[in-house]
Amino acid sequence: MQSHFVKLEPPYQIIHYGGVVGIQIGTLIVVGETYPNDIGTDIYSHSHPVVSYVDKQQLRAKLGNERGNRDIASYYGGGEGNVWTKVEVSDVDVIGMSDLSSNGELSPFEWSDFVLLASDGVSIDEAEKGIVRFKGIFDLENYLHRVGLYIKLPPVSDHIELDVSLLYNEDKYGVVRKCIVCQEDNPELITFYVPIFNNDKEIIDAVLQKTWEYLTLMKSIAASVVFRESKLPEFPEIPKDQEDINCLSRVVKTLNAIYEDKSRSIVRLHQILSEANRDNINLPGEPHELLRPQNIDYDPRSQYRRLDLAARMELIRSSLSVMYSKNLFTTKSHWIGTYLVVRDRLEKASFTQTDFANMAKEITPEEFPEKLHISESTMKNFTKVITDPHDRNEAYYDMKNNPQKEFCIELWNVIEERL
């Protein structure tokens, strides 16, 4: 096998694949031979994009030429030569050109093009695989910004109507892949896909999450939303399962009920976003430590780890004080829920029940009555509270049967507000 690197000359193409955007600065060509067959030896070749994740003109304009900014440049993705080894050059979408004459100014990227990338370029494939990526459109926006593009937002909306439909796609092998599509009357304004999960709640949560993401980006979070059961035109039409049809009707009815009560919808959305797993972006190539710089700034665990020990104890202690004042910390067993939140949201993976027991004295609020103080036997009741052996090694938000789930959610909301 032989490989050859072809360095491209500016202006460079800005390319997209699977929700990731980069500037193609070169091409890696790999040539090799397969095993000999009866006829002879087969030759194969692959061409992989080599990309940079940042526009150097924009970066220099932002940071200047001081040597002290070298670390900042690296933080923003200054490294080059990232090979998308799982992607051929023919697989990528070319979405623009890197304008070297911009002097660091951002260039506009149409909202309709952004929706097309976020929906048909990303979420439909993920939905058919049963995946919902947390805040995926914000990651995509971040990528575009770093290569010198800003999204031209549509006018602020005060009312949105979304058609909710079943979508069946049959691949070349005859396998039917199912998902749900939600789109505004003008599909170029909002379009997204979610999986058909095994229960209504997961579908509803996914739709609420995606709706919240779009409205947030559009600066229309206060908009009223109406969901309508709809049917997409298909050629040829694939017959729908009655179970899926009934599920869609229930989901639409519940979504409208949630949005009719705005305060209820905000609380529910907050719970969903607090519980959601923040799955990592999977680049179509080698991992890159600078892919999600927003995680460095906003990831709660990272923020917690930056605090000194006294500040960490005060954070948890004050949060428990709030829970007590709201009559939400009412029994010693709630120490087990507290342990789960601290373990799964704040501390490193090696954090144990013993570590938590040693911490408990420092995080107990002064106003706690003696009956709520942790004792030697409190943590020994862990297996009595979390009865399913499989759940004991799961994060509290992934457990199938967590009797303290609501307590954990509320405590995490309180802690997160203080970080």
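The values are calculated or read from the model by the stated rules, or taken from the named source; none is laboratory data. In this text the structure is predicted, and so the values were computed from the model without any measurement. We place every Cβ from the backbone using ideal geometry, glycine too, and count neighbours over all the protein chains shown. Only protein heavy atoms, including side chains, enter the accessible area calculation; ligands, DNA and RNA are left aside. Shrake-Rupley method; radii C 1.70, N 1.55, O 1.52, S 1.80 Å.
Of note:
- Relative packing of 218-230, 304-316, 20-32, which averages over residues the other C-beta atoms within 10 Å, highest first: 20-32, 218-230, 304-316
- Within the accessible area of region 184-227 (1.4 Å probe), percent carbon and sulfur: 53 percent
- In this simple spin-label model, placing a label point 7 Å from the Cα along the Cα-to-Cβ direction at both Phe138 and Gln2 gives a separation of 4.9 nm.
- Accessible surface computed residue by residue for region 337-414, with neighbouring protein chains in place and a 1.4 Å probe, gives 53 Å² per residue.
- Region 309-392: C-alpha gyration tensor shape, a/c 1.5 cut-off, then a/b vs b/c: oblate
- Three-way shape label, region 86-200, alpha-carbon gyration tensor, a/c 1.5: oblate
- When each of the peptides 182-188, 332-338 is scored by how many other beta carbons lie within 10 Å of its residues on average, the order from highest to lowest is 332-338, 182-188.
- Rolling a 1.4 Å probe across the protein heavy atoms gives region 174-240 an accessible surface of 47 Å² per residue.
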